[in-house]
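See below for the structure under consideration.
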Amino acid sequence: MIVVQVHVHVKPDCVEAFKRATVENARNSVQEPGIARFDVLQQDDDPTRFILVEVYRTPDAPAKHKQTAHYAAWRDSVANMMAEPRSSVKFVNVFPDDAGW
């Protein structure tokens with residue numbers, strides 16, 4: 001599994017629109033065979049900050065996700081909502097694992 005955390009800082013006047021667009025993207029994303037989980041988290045003490053937690057089943061799944069129509073629609077619709085460029089950090093899971101350690 002590959003886990004990607006996408007850190008997003010949204011303009012204050014765009015929070016609700018960002019949430020709507022991102023939840024719609026997440027709903028479509030979890031229908032992809034390569035995505036095991038897609039969480040949308042909003043920071044409790046700063047509602048303009050979000051983390052998207054994307055869990056992919058295979059190494060090629062992130063690239064396939066970025067080729068979908070719903071990802072492109074999300075990317076384009078939220079581009080002007082960003083207070084700063086989004087960033088991401090990639091992880092591999094240690095536990096639970098599929099290797100049987």
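Just so you know, all these numbers are worked out from the coordinates, no wet-lab data involved. For clarity, every value in this text was computed on a predicted model and none was experimentally measured. Quick reminder, even Gly has a Cβ in these numbers, built from the backbone with ideal geometry, and neighbours come from all protein chains shown.
Output the number of residues of segment 1-15 satisfying the condition of being more than 15 Å from ILE51 (Cα to Cα) and out of contact with any helix residue (DSSP H, G or I) (no Cβ under 7 Å at 6 or more places or on another chain).
Here the count works out to 3.
Which fully enclosed strands (runs of 3 or more DSSP E) of segment 30-96 have 1 or more residues being among the β-branched types (Val, Ile, Thr) and surrounded by fewer than 16 Cβ atoms within 10 Å (Cβ to Cβ)? Explain how you work it out, then say what you get.
Working: elements: 35-42, 49-56, 87-92.
Strands (runs of 3 or more DSSP E) meeting the threshold: 49-56, 87-92.
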For segment 31-60, which positions are without any contact (Cβ under 8 Å) to a residue 40 or more places away in the chain and touching a Phe, Trp or Tyr at 6+ places or on another chain (Cβ under 8 Å)? GLY34, ILE35, ALA36, VAL40, LEU41, GLN42, GLN43
